[in-house]
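Q: Below are the structure tokens for one structure; questions will follow.
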Amino acid sequence: MANMTLLGAVNDAMATEMRNDDRVVVFGEDVGKKGGVFGATVGLQDEFGTDRCFDTPLSECGIIGTGIGMAVYGMRPVAEIQFLDFIYPAFDQIVSEAAKMRYRSGGEYTCPMVIRSPYGGGIRGGHYHSQSSEAYFCHTPGLKVVIPSTPADAKGLLIASIRDEDPVMFLEPKRIYRTVKGEVPEGEHVVPLSKGRVVREGTDCTVVAYGAMVHICEQAAEQAAKQGRNLEIVDPRTLVPLDEDIILSSVKKTGRCVVVYEAPKTCGYGAEIAALIAEQVIEYLEGPVVRVAGFDTPFPYALENLYMPDVRRILEGVQRTFTW
Amino acid sequence: MTSEVLTILEKDGKVQKGKDPNLSDDRLRLLFATMVKARILDERGLTLQRQGRIGFYLQALGQEASHVGSAAPMLDSDWFFPAYRQPGIPLLRGAELDQIVCEWFGHQGDPSKGRQMPVHYSLRSINFVSISSPIGTQISQAAGAAMAAKIRKEDTVFMTYFGDGGTSSNDFHAGLNFAAVYKAPVVFICENNQWAISVPASRQTGSETMAQKAVAYGMPGIRVDGNDVLAVYRVCQEAVDRARKGEGPTMVETVTYRMGSHSSSDDASRYRDEEEYERWKQRDPIVRFQEYLARRKLWTAEWQAELEQEFKDQLNAAIKRAEAAGKPELGSMFDDVYLKPSAQLLAQRTQLQSLGGAADEEIGEFPL
Ligand SMILES: Cc1ncc(C[n+]2csc(CCOP(=O)(O)OP(=O)(O)O)c2C)c(N)n1
Ligand SMILES: [Mg+2]
């Protein structure tokens, strides 16, 4: 075990897989000598050389398009998009190409690539360095969508993503890159995709959260506990394909659910969780399923702290599952 | 086609024969003063960031001639689709200092209402369209605005800026292609400062120059010494004239150097040589221009000192006012999503207002 930041664990996962498998290549803007704007790829070019870790021209479309070509040809590309906010020039390549390669070729061609990208708010980054656009990708059949919330999960899930036979969007909550530390197994460590994690057991209300929000929910749960309310926090870790059982069995136990996410509320991932619960376990519910999310505005700069779900908004959401 | 770089200012303020654009004394002084002010603005901006008073800053250090010289031939009625590294343009065109500084703080008084990170100005009063972070997006937009002016038979000229990195964007291709097809009145300024964060310009293209790309699209591509304000001015005056006369777009590559780090979040010493910096420092655009002006007896040290002091005083006063202005009120978050807020937005605003909360509570620092 080693004590690491989430960022360090992401780095460790890539280094581990690059040692294991020479088909793995890492590329993107500033990932070489600089080691990435956040430092996620530090040391990789030194260790593996410029054929396996390299800077690209400033073109997300080019990064993903060439990545798909490499994957189709038999490599294991890990492409970094510097911020998720800058991924849109590559949207066509991701949703029309990477996501559909297997299906449209009847399985003849596949696209086992990982697209890593820091996402989410809380770093004073304004519109274009803060957005949470996971829902666009969750809505695209053929893509898997993974979001870690701890260093150990970051490593295990990234290794699983690199080994996966399908394209994976691996979204990294940049707000907690350096603030969250934890024990991470050294060397080989795989956390299977599509398996959620109960972060904290409780009996009174289920809180579903992923990424940086898991930690805010833990703070909320501490506070709720002082008031005699036990929240159960469930982190799905893989948004698509979802571990439905872990959520449904928790809601069956507690009878209540709040979904917390940073993205704009409308048509966000929380809507999917709410619909799932309504479809499958409505008879267990003792109150409405509540979404605590970003507002339906572009991500604001100066008022960021009011935009992001915080402890008091989460607790207020929990309260609404009791009194309605 | 040539990879030659047009230079006018030579050593010790001498000019190449027959190439001086012969600007009036007032005009020359205005250009110099604007470049000096832009540098002071940048120094203050970075200092405020280092002091933790604003969240981010990004300088144009070393690129003052490139953007001030190119913008100067534009008329007040002409339009800009800028990138984030042209602070001298608002100064040249007389934007209010308070608006600029309030934007840094995201405080009331910022025309864009604290919605964007520092240096992403929106200044409609000077036809300076809202700056976006995603690289290159403004390039095709400028082409489109120019197409519109042409359709409406108006003689407005459009100028857009992007870096060496920006030439790799999808919008570089789309923008130059459309502009050339429709002969749109737009001037594309590629400020080739040799770096896109840590990636050298040689990693952006296999072409020998950026300017030569223009030729393939069907427009002139001109390389100019970006640290030579007279050369930049001259080339851009010609490009603006061509556009206004209906002769179509031009791309200008200003060959310059980013003398600072990419931004307050970057440390250039981690990926580039000090030696390269030292070489470019010899070609500091302000020093070169000052030598020229001194030669023509248009510059004295006292004049510059006075101008600097006056601007610093104005800036300090503006910073004081901006810092005290405070953040936009909480409900303003829901304005300007649409012309009229939707029912959902109104409900969300009511919900947030009922919870209250401190708008000035900080939750973090921009770490990059
Ligand atoms: C589409 C997109 N990808 C990545 C980024 C992150 N980024 C910000 S500035 C920059 C480098 C830009 O270099 P260049 O175009 O040469 O302009 P310069 O900063 O040198 O003025 C990068 C990669 C971005 N803003 N937009
Ligand atoms: Mg550049």
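Q: If we count every other residue with Cβ under 10 angstrom of A:G196's Cβ, Lys/Arg +1 and Asp/Glu -1, where does the sum land?
A: -1
Q: Can I ask one more? With a point put 7 Å past each Cα toward its Cβ, work out how far B:E329 is from A:T203 in nm, to one decimal.
A: Each label point is offset 7 Å from its Cα along the Cβ direction, giving 4.7 nm.
Q: To continue, here is another question. Just to verify a number: FRET efficiency for A:Y73 and B:R244, C-beta to C-beta distance, R0 = 45 Å, to 0.05?
A: Once rounded, the FRET efficiency stands at 0.35.
Q: Whole-Hz Karplus ³J(HN,Hα) for region A:167-180, in order, using 6.51 cos²θ - 1.76 cosθ + 1.60 and θ = phi - 60°, x for Gly and Pro?
A: Ordered by residue, 3J(HN,Hα) equals x, 10, 8, 10, 9, 10, x, 5, 4, 10, 3, 10, 7, 9 Hz.
Q: Further, regarding this structure: Please list B:186-194, A:128-136, A:221-229 highest first by mean number of surrounding beta-carbon atoms within 10 Å per residue.
A: In descending order of packing, they fall as B:186-194, A:128-136, A:221-229.
Q: Sort B:208-218, A:33-43, A:180-190, B:113-123 by packing, meaning the average of other beta carbons within 10 Å per residue, with the highest value first.
A: So the peptides B:208-218, A:33-43, A:180-190, B:113-123, ranked by packing, come out B:113-123, A:33-43, B:208-218, A:180-190.
Q: Further question on the same structure: Inside 10 Å of the C-beta atoms of A:50-60, what's the mean count of C-beta atoms belonging to other chains?
A: The shielding value for this peptide is 5.
Q: Which far-off residues, 5 or more places away or on another chain, put their amide H under 5 Å from the one on A:L58, with H placed in the peptide plane?
A: Distant-sequence amide H within range of A:L58: B:S168.
Q: Between region A:59-88 and region B:233-278, how many Å separate their Cα centres?
A: Cα centres, region A:59-88 to region B:233-278: 28 Å.
Q: How much length is gained on full extension from A:K253 to A:R178, taking 0.36 nm per residue of separation minus their Cα-Cα distance?
A: Taking A:K253 through A:R178 to full extension adds about 23.6 nm, to one decimal.
Q: Quick one: in the protein assembly as shown, what % of C-alpha pairs are over 46 Å apart?
A: 23
Q: Another one. Under a cut-off of 24 Å between alpha-carbon atoms, report the lysines in cross-link reach of B:K17, not counting same-chain residues fewer than 8 places apart.
A: Partners within reach: B:K297.
Q: To continue, here is another question. Kirkwood Rh, region A:197-321, all Cα pairs: how many Å?
A: 14.3
Q: Apply the a/c threshold of 1.5 to the C-alpha gyration tensor of region A:1-138 and tell me whether it is rounded, prolate or oblate.
A: Cα axes put region A:1-138 in the oblate bin.
Q: Now for a different question. By its C-alpha gyration tensor, with a ≥ b ≥ c as the square roots of the eigenvalues, how is region B:114-193 shaped: rounded for a/c under 1.5, else prolate for a/b larger than b/c, else oblate?
A: Here region B:114-193 falls in the oblate category.
Q: PRE reach from B:R27 (point 7 Å along Cα→Cβ): which of region B:213-235 fall under 20 Å by backbone N?
A: B:224-235, by backbone N distance to the label point.
Q: Separate question: Which residues among region B:101-117 fall inside the zone where the amide N is under 17 Å from a point 7 Å beyond the Cα of B:A317, along Cα→Cβ?
A: Taking a point 7 Å out along Cα→Cβ of B:A317, the residues of region B:101-117 whose backbone N falls under 17 Å are B:101-102.
Q: Next question. Could I have the simple spin-label model distance between B:L75 and B:T350, label points 7 Å from Cα toward Cβ, reported in nm to one decimal?
A: It is 5.1 nm.
Q: I've got another one for you. Restricting to DSSP H runs of at least four residues, report the calculated mean residue ellipticity at 222 nm for the protein assembly as shown, -39500 (n - 2.57) per run over all residues, nearest 500 deg cm²/dmol.
A: Estimated from H runs of four or more residues: -11500 deg cm²/dmol.
Q: Here's something else I'd like to know. So which lysines can A:K155 reach, going by Cα to Cα under 17 Å and dropping same-chain residues fewer than 8 places off?
A: Excluding near neighbours in sequence, the set is A:K144, A:K174, A:K181, A:K195.
Q: What spacing in nm lies between the two simple spin-label points modelled at A:S96 and A:K226, each 7 Å away from Cα in the Cβ direction?
A: 5.4
Q: Report ³J(HN,Hα) in whole Hz for each residue of region B:69-78, in order, from the Karplus equation J = 6.51 cos²θ - 1.76 cosθ + 1.60 where θ = phi - 60°; Gly and Pro get x.
A: x, 6, 6, 4, x, 6, 7, 4, 7, 7
Values in this text are rule-based calculations from the coordinates and carry no lab data. If you're wondering where the values come from, they're calculated on a predicted model, not measured in any experiment. Positions of Cβ are generated from backbone atoms using ideal geometry, with glycine treated the same way; all protein chains shown enter the neighbour counts.
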